[in-house]
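First comes the structure, then the notes that go with it.
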Amino acid sequence: MLVTPHHSIGDLVLGMHEEDVTAILGQPQERDEEIDPDDNVSIHYTYPQQNLQLTFWGDCDFKLGSITCADPAATLDGKAIVGISESDLTSQHPSFALEDSIDDDDSDDEAGWQNYEDLERELNAWLAEGKVQNISIGPAWQDDEETPIWPTT
């Protein structure tokens, strides 16, 4: 499964609508809505069999704004990404830098996780137990940092 920054993971392209995704993957096992503090709605699709979580952004006409992949077959720049160690992440993908660590004494489910980011390419690699658990991609942004630049297939 090829990870292409600012564009796609496999056949899923950022900017797709829900009906485009379900035409490819079928109905998700889970579909949840979330409302953030600014009253923006997001819809999350979960496909456990495909190791995918997708987020559609309500403030962008419910376009696919984020793809998270936990498939060990995922590759970035021709190299494995999911399942590799922290040291392999930083040596094989040097554009990633540690952004956040969630302490083990935090009470949420993400305690012990680390988030490595590649800000230029809008990538996040989440690590737990010293290994990359998943990779997330998002679109590029216009200079105002509020307007996504959607891929043109």
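The values are calculated or read from the model by the stated rules, or taken from the named source; none is laboratory data. Everything quoted here is computed from the prediction, not taken from an experiment. Cβ: placed from backbone, ideal geometry, glycine included. Neighbour counts: every protein chain shown.
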Could you list, in sequence order, all residues of region 18-43 that are among the polar types (S, T, N, Q), under 18 Å from residue 148 (Cβ atoms) and surrounded by fewer than 17 Cβ atoms within 10 Å (Cβ to Cβ)? 40
Kindly indicate whether residue 24 is over 19 Å from residue 132 (Cβ atoms), modelled with pLDDT of 95 or more and either in a loop (DSSP other than H, G, I, E, B) or in contact with a Gly (Cβ under 8 Å, 6 or more places away or on another chain) (or both). no
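Table: residues versus (1) polar (S, T, N, Q); (2) closer than 25 Å to residue 141 by Cα; (3) crowded, with 17+ Cβ neighbours inside 10 Å.
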position: 4; (1), (2), (3): yes, yes, no
position: 11; (1), (2), (3): no, yes, no
position: 45; (1), (2), (3): no, yes, yes
position: 58; (1), (2), (3): no, yes, yes
position: 68; (1), (2), (3): yes, yes, yes
position: 71; (1), (2), (3): no, no, yes
position: 74; (1), (2), (3): no, yes, yes
position: 78; (1), (2), (3): no, yes, no
position: 84; (1), (2), (3): no, no, yes
Inspect all residues belonging to region 60-67 and state whether any of them is part of a strand (DSSP E or B), in contact with a Gly (Cβ under 7 Å, 6 or more places away or on another chain), among the hydrophobic types (A, V, I, L, M, F, W, C) and in contact (Cβ under 8 Å) with a residue 12 or more places away in the chain. yes
Return a yes/no flag: does region 33-49 have any residue that is part of a loop (DSSP other than H, G, I, E, B), charged (D, E, K, R), at pLDDT 95 or above and out of contact with any Pro (no Cβ under 8 Å at 6 or more places or on another chain). no
Among the strands (runs of 3 or more DSSP E) contained in region 89-153, which hold 3 or more residues that are at pLDDT 85 or above, surrounded by 13 or more Cβ atoms within 10 Å (Cβ to Cβ) and in contact with a Ser or Thr (Cβ under 8 Å, 6 or more places away or on another chain)? 114-118, 123-128, 131-137
Can you pull out the residues in region 73-98 that are free of Cβ contacts under 8 Å to residues at least 40 places away in the same chain and among the small types (Gly, Ala, Ser)? 78, 80, 87, 91, 95, 97
